[in-house]
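Just below is one structure, and these are the notes that go with it.
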Amino acid sequence: MMDYKFVTLKDRPELKGSLNGLHSLGWPDFMREDPKGDRYWDELLSLCPGFQFLLLNGSEEPIACGNSVPFHWNGHPSELPPGWSSALEKGVLERLDNISFNTLSAIAIVIHPEHRGTGLSEVMVRKMKQMAIDHNIQQMIAPVRPSLKSDYPLIPMEDYIWWKREDGKPFDHWIRTHWKTGARIIKIAERSMEIPGSISQWEEWTGLKLLSSGSYVIKDGLVPLEVDKEVDEAHYIEPNVWMEHEL
């Protein structure tokens, strides 16, 4: 493993731009259009800088980042937020109201494209778990975005998440990474991210011509995009999977 070190935005606030730069490389265009993500992202970074971290190589270059948010959860899967965007919203609003927290929710882990496939994803998850322990947090959860699901957008998420490789390990890379670090699936996050937009917006985000109403398979989409030409709207509702880590 290369020489590296972890720093938080609390330690190094000047690295906020580098963290956001990694996110610009790590996600498809349409995923940066989630309304709640757009509304609450900057507040997450300013309110919870100690839970946002970067991995620097020996040359002090950021090669990965992790984002998380603390909030209160009673431990019942039925009481979890609907998914990623609602977890972000819940965490930010509870910080503004000074509500005590007992849970850390992962928000994102992004690896620079040049460093993917080198085992850093597991390193980053383990670091996030250690951060939760260091803050005396009792439980950690993650609205995991199964990375290979985009190759199988027509397969129901409730089937896909249980696929296994020949060695018995989870098929999906990110589910497998969390599983290897001690997590278990507790619930599907049915509406983890909801991104509405006009037809022209979605044509710009996807590079597709959306010439009639219907369901469209889009690049990097975990499920099809639903298009309604009559009201000039396309709607993407992405499911993820809630996983819980033992601390």
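Work through the residues other than LYS16 whose Cβ is under 15 Å from its Cβ and net out their charges, Lys, Arg +1 and Asp, Glu -1. Neighbour charge sum, excluding LYS16 itself: -2. Of the GluC sites (Glu not before Pro) in the stretch 80-189, the ones in a loop by DSSP (not H, G, I, E or B) with at most 12 other beta carbons within 10 Å are GLU166. Measuring against 19 Å, Cα to Cα, the residue pairs LYS16/LYS219; LYS180/LYS219; LYS5/LYS129 contain LYS16/LYS219; LYS180/LYS219 as the ones spanning a longer distance.
Among ASP134, ASP42, sorting on how many other beta-carbon atoms sit within 10 Å of each Cβ, with the fewest leading, yields ASP134, ASP42. For ILE99, enumerate residues with amide H under 5 Å from its amide H, sequence gap 5+ or separate chain, H modeled in the peptide plane. It is none; the list stays empty. The order of PHE53, PHE6, PHE71, going from fewest to most other C-beta atoms within 10 Å of their C-beta, is PHE6, PHE71, PHE53. In order along the stretch 207-220, the Karplus-derived 3J(HN,Hα) couplings, from 6.51 cos²θ - 1.76 cosθ + 1.60 at θ = phi - 60°, round to x, 9, 8, 9, 8, 8, 5, x, 9, 10, 6, 10, 4, 6 Hz, and Gly and Pro are given as x. Working note: Karplus 6.51/-1.76/1.60 with θ = phi - 60° gives the stretch 157-166 the couplings 4, 5, 8, 4, 5, 9, 4, 10, 7, 5 Hz, where Gly and Pro are set to x.
Placing +1 on the Cβ of every Lys and Arg and -1 on the Cβ of every Asp and Glu, with nothing else charged, gives the chain a dipole about its Cα centre of roughly 860 debye. Largest first, the three principal axis extents of the alpha carbons in the chain are 52, 42, 40 Å in whole numbers. For all pairs of alpha-carbon atoms in the stretch 51-186, what percent lies in each bin of width 10 Å, listed from the first bin to the last filled one? Going from the shortest bin to the longest, the percentages are 11, 38, 35, 14, 1. Among ASP167, ASP11, ASP172, sorting on how many other beta-carbon atoms sit within 10 Å of each Cβ, with the fewest leading, yields ASP167, ASP11, ASP172.
Across the stretch 24-33, coupling constants 3J(HN,Hα) worked out from phi with the 6.51/-1.76/1.60 Karplus curve, θ = phi - 60°, read 5, 8, x, 10, x, 3, 5, 6, 8, 10 Hz, and Gly and Pro carry x. Here TRP163 and ASP11 are evaluated by their C-beta separation; at R0 = 35 Å the FRET efficiency comes out at 0.30.
Qualifying trypsin sites (Lys or Arg not before Pro) in the stretch 209-247, where qualification requires a DSSP coil assignment and no more than 15 other C-beta atoms within 10 Å, comprise LYS209, LYS219.
Since every read-out is calculated from the coordinates, none of them should be taken as a lab result. Since this is a predicted model, take the numbers as computed values, not measurements. Note that we place each Cβ from the backbone using ideal geometry, even for glycine, and neighbour counts take in every protein chain shown.
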